[in-house]
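Written out below as structure tokens is the structure these notes cover.
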Amino acid sequence: MAAVPPWKSRPYGKRSDAGLVRAIGVAQEAGTLAEHSARRTAEEARLLEERLAQEKAAGQTRGQAVAASAATLLDQAEMKAAEAVRESARELNAKSRAEEKDRYLRDYLEPKKKLGLMERLRRGLTKKQIDKDIKDVTAERTAWRTEEGEARTAARDAKVEAWALIRTSKLAEQFRDVDATKFAPDDVTTVTERLATMRGQLPDIELRIDRRDAQKLTRLQGEATQYTEAAAKHRTTAAAARTEQARRADMAKRHPELYDIETKARRSYAVQQKRAAAEQSRARAQESAGYHRTPPNQGRGGPSAGRR
């Protein structure tokens, strides 16, 4: 009998029989979940570590691959932006030439129509020739205006296409700080400046991606270890509870009197614990009620100390 430790000193000795069953069930379920998480996380870590090793052997990390892909995309976007710049220049040239023709008509040819016959003869001009000159210059002005509009449209389309190459790609998220996920800026100068900013960010993007991969691997390996340790802890808990179950079953067979004494003691202990918990709960409730009770307003009903 001396070999049986007192029930209060045994692990789970204070638990009821039903409490032991619950403890075993909870520990088994938690252990199974932890083991599953450990296997899943360890496999994820293994695949990532394998991928990183392959990248290292190939001489290009994921960060380097993303940066290279972004550089190629930026090449295409910059070509489109350059096209937009050229078209904008063509637009300005056409606009300038149209304005020149407009001024020529307004300041030189149109006034000739108002000349009298004698003045035209003196200058060696004919009405037919004046009308022809006005018609020719008007046609030239119209042609320049048409080219101006076409160039403006081409510049706008090229600018939008340049920005869309980045905005619609998977790389847009890497350039959120220059609004790459939003629609194109209004002017091609801003587009060109932001594309240059993106290119300048490529080294940082490469390092950031590779750093995140390394950090993820470390995190996954750490989590796998934690899950494995948690699973072992839960299994130990279940084993300890089963040991207590087996001890009680053996005691019931070999020493029924002692078994009955322990069972009654545990029931009494459980009742005492419930009463103590109830008392603590009531005490906390009373303390909370006293803390939140509004104190009487001492500033009302009496004269001020400075008054007589």
Filter result (surrounded by 11 or more Cβ atoms within 10 Å (Cβ to Cβ) and not in a helix (DSSP H, G or I)) within segment 98-123: LYS113, LEU115
Given the conditions (1) assigned to a helix (DSSP H, G or I); (2) without any contact (Cβ under 8 Å) to a residue 40 or more places away in the chain, and given that SER9 satisfies all but one, which numbered condition is not satisfied? (1)
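Matching residues to (1) closer than 30 Å to GLU44 by Cβ; (2) of a type in the set (Ser, Thr, Tyr); (3) at pLDDT below 95:
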site	(1), (2), (3)
MET198	no, no, no
ASP210	yes, no, no
GLU223	yes, no, no
HIS234	yes, no, no
ALA278	no, no, yes
Which of the residues belonging to segment 210-251 are acidic (Asp, Glu), surrounded by 13 or more Cβ atoms within 10 Å (Cβ to Cβ) and under 32 Å from the mean Cα position of the chain (by Cα)? ASP210, ASP213, GLU223
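Out of curiosity, is GLU44 under 17 Å from ARG235 (Cβ atoms), among the charged types (D, E, K, R) and assigned to a helix (DSSP H, G or I)?
Details: under 17 Å from ARG235 (Cβ atoms): no; among the charged types (D, E, K, R): yes; assigned to a helix (DSSP H, G or I): yes.
No, not satisfied.
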Considering only segment 33-46, how many residues are free of Cβ contacts under 8 Å to residues at least 24 places away in the same chain and either among the β-branched types (Val, Ile, Thr) or surrounded by 14 or more Cβ atoms within 10 Å (Cβ to Cβ) (or both)? 4
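Based on this model, can you work out whether THR263 counts as modelled with pLDDT of 95 or more and either surrounded by 14 or more Cβ atoms within 10 Å (Cβ to Cβ) or assigned to a helix (DSSP H, G or I) (or both)?
Numbers: modelled with pLDDT of 95 or more: no; either surrounded by 14 or more Cβ atoms within 10 Å (Cβ to Cβ) or assigned to a helix (DSSP H, G or I) (or both): yes.
So THR263 does not fit the description; no.
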Please count how many residues of segment 266-283 are small (Gly, Ala, Ser) and in contact (Cβ under 8 Å) with a residue 40 or more places away in the chain. 1
Of residues in segment 47-65 being surrounded by fewer than 16 Cβ atoms within 10 Å (Cβ to Cβ) and of a type in the set (Gly, Ala, Ser), the one nearest to TYR227 (Cα to Cα): ALA53
Exactly one condition in (1) in contact with a helix residue (DSSP H, G or I) (Cβ under 8 Å, 6 or more places away or on another chain); (2) over 18 Å from THR61 (Cα atoms); (3) surrounded by 13 or more Cβ atoms within 10 Å (Cβ to Cβ) is false for LYS182; which is it? (3)
Expected output for segment 194-216 (first residue of a type in the set (A, V, I, L, M, F, W, C), partner surrounded by 15 or more Cβ atoms within 10 Å (Cβ to Cβ) and not in a helix (DSSP H, G or I), Cβ below 8 Å, 6+ apart or cross-chain) is MET198/ALA180; ILE209/THR61
Selected residue (criterion: nearest to GLU193 (Cα to Cα)) from residues of segment 136-169 that are more than 41 Å from the chain's Cα centre (by Cα) and of a type in the set (Gly, Ala, Ser): GLY149
Residues of segment 235-275 being out of contact with any Gly (no Cβ under 8 Å at 6 or more places or on another chain), of a type in the set (D, E, K, R) and over 15 Å from SER9 (Cα atoms), in sequence order, are ARG242, ASP250, LYS253, ARG254, GLU257, ASP260, LYS264, ARG267, LYS274, ARG275
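The values are calculated or read from the model by the stated rules, or taken from the named source; none is laboratory data. Small disclaimer: the values here were computed from a predicted structure and weren't measured. Neighbour counts are summed over all protein chains in view; Cβ atoms, including those assigned to glycine, are modelled from backbone coordinates with ideal geometry.
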